[in-house]
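Beneath this line is the structure, given in structure tokens, with notes to follow.
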Amino acid sequence: MRAATLIAVLGLALAGGAVITSVNAAPEGSAPGAATPAPVPLKAAATFLSIKDPAARSAALFQEAGKVIESPRCMNCHPVERRPTQGDDLHPHNPPVAGGQSGHGVPGLPCLSCHGPANVPTWGEKIQSIPGDPKWALAPVEMAWQGKSLGQICAQIKDPARNGGKTLDQIHHHMAEDSLVGWGWNPGAGRSPAPGTQAQFGQIIRAWIDTGAKCPKA
Ligand code: HEC
Ligand code: HEC
């Protein structure tokens, strides 16, 4: 991290009542006063075998996957406006930042000036960690999810014109293996993880594809 950037981050963290320790000081969740809420479970893909009609089962599987997709950990980076949001209430990112053309921020204020390759714990109470991942960037506008119904998000995820030219197998791979998606289950102290595990989520998406990738009506 460049010195100017470090100072900017420290200033920000102090403004939020936090003091940065070091990248590998405290293990995840061990910051003082860390009160990360209990994880929300996800139903196993096999549970849905009781729905005999494959199309109905497929839509029900996507509905379950929606617990993850519509969780704040994913939604905050898939906004309609070209600005990320924060927290479980999707409030505007503080300080104000813009995704820019590339999604990596605007010249002078790239995301990586604050978001490093991994989560960084702080000793703050308001902000207990700064999230990070090597690929940290805002999702492109055609992949915006905020304010859309789950049915609309589903149709968009299947559409190669709006999903980055991905086949359904590539969508499965992305959901099940991508490290930036995986951050949703390892979001750093002070943030609740996405429901279930990434492996369970991957199995639900697999079963959804295998039953015809049907979308919920709403
Ligand atoms: C830090 C920001 C960030 C977070 C957090 C994030 N995404 Fe994304 N997402 C992106 C970016 C950037 C892309 C486009 C680049 C790519 O395809 O890798 C993307 C693309 C995608 C795509 C591909 C195509 C499409 O139709 O939207 C899927 C699926 C996806 N994300 C799922 C998720 C899920 C599920 C979560 C939460 C568990 C999540 N993302 C969290 C930034 C993010
Ligand atoms: C000046 C520093 C700074 C810059 C630049 C910055 N961020 Fe952040 N960002 C933060 C901090 C600090 C947090 C943690 C805030 C909290 O937890 O309340 C954060 C949190 C987030 C979150 C919320 C995670 C969640 O689920 O609550 C997202 C999404 C995010 N940033 C995306 C971005 C993107 C995308 C960019 C670049 C376009 C960016 N940020 C640029 C400092 C920054």
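The values are calculated or read from the model by the stated rules, or taken from the named source; none is laboratory data. A quick note: this is a predicted structure, and the numbers were derived from the prediction, not measured. Cβ atoms come from the backbone with ideal geometry, glycine included; neighbour counts cover every protein chain shown.
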Notebook entry, point to check: For Gly165, are the conditions met, namely being surrounded by fewer than 16 Cβ atoms within 10 Å (Cβ to Cβ), among the small types (Gly, Ala, Ser), in a loop (DSSP other than H, G, I, E, B) and in contact (Cβ under 8 Å) with a residue 40 or more places away in the chain?
Noted result: no
Check: Can you find a residue in the stretch 130-150 that is on the phi < 0 side of the Ramachandran plot, touching an Asp or Glu at 6+ places or on another chain (Cβ under 6 Å) and in contact (Cβ under 8 Å) with a residue 60 or more places away in the chain?
Finding: no
Next item on the list: Hey, can you tell me all the residues within the stretch 186-217 that are part of a helix (DSSP H, G or I) and touching a residue at least 24 places away in the same chain (Cβ under 8 Å)?
Entry: Gln200, Phe201, Gly202, Gln203, Ile204, Ile205, Arg206, Ala207, Trp208, Ile209
Notebook entry, point to check: Can you find a residue in the stretch 19-38 that is more than 16 Å from ligand 2 (Cβ to nearest atom) and modelled with pLDDT of 65 or more?
Noted result: yes
Check: Considering the stretch 168-178 alone, what residues qualify as being more than 16 Å from ligand 2 (Cβ to nearest atom) and surrounded by 13 or more Cβ atoms within 10 Å (Cβ to Cβ)?
Finding: Leu168, Gln170, Ile171, His172, His173, His174, Met175, Ala176
Margin query: Checking the structure you have, find out if any residue of the stretch 183-200 is within 23 Å of Ala65 (Cβ to Cβ), more than 16 Å from ligand 2 (Cβ to nearest atom) and of a type in the set (A, V, I, L, M, F, W, C).
Written below: yes
Next item on the list: Please specify each residue of the stretch 91-127 satisfying the condition of being more than 13 Å from ligand 1 (Cβ to nearest atom), closer than 24 Å to Gln146 by Cβ and in a loop (DSSP other than H, G, I, E, B).
Entry: Asn94, Pro95, Pro96, Ala98, Lys126, Ile127
Notebook entry, point to check: With (1) assigned to a loop (DSSP other than H, G, I, E, B); (2) crowded, with 17+ Cβ neighbours inside 10 Å as the list, and Val181 as the residue in question, which single condition is left unmet?
Noted result: (1)
Check: Based on what the data block shows, is His91 touching a strand residue (DSSP E or B) at 6+ places or on another chain (Cβ under 7 Å) and free of Cβ contacts under 8 Å to residues at least 12 places away in the same chain?
Finding: yes
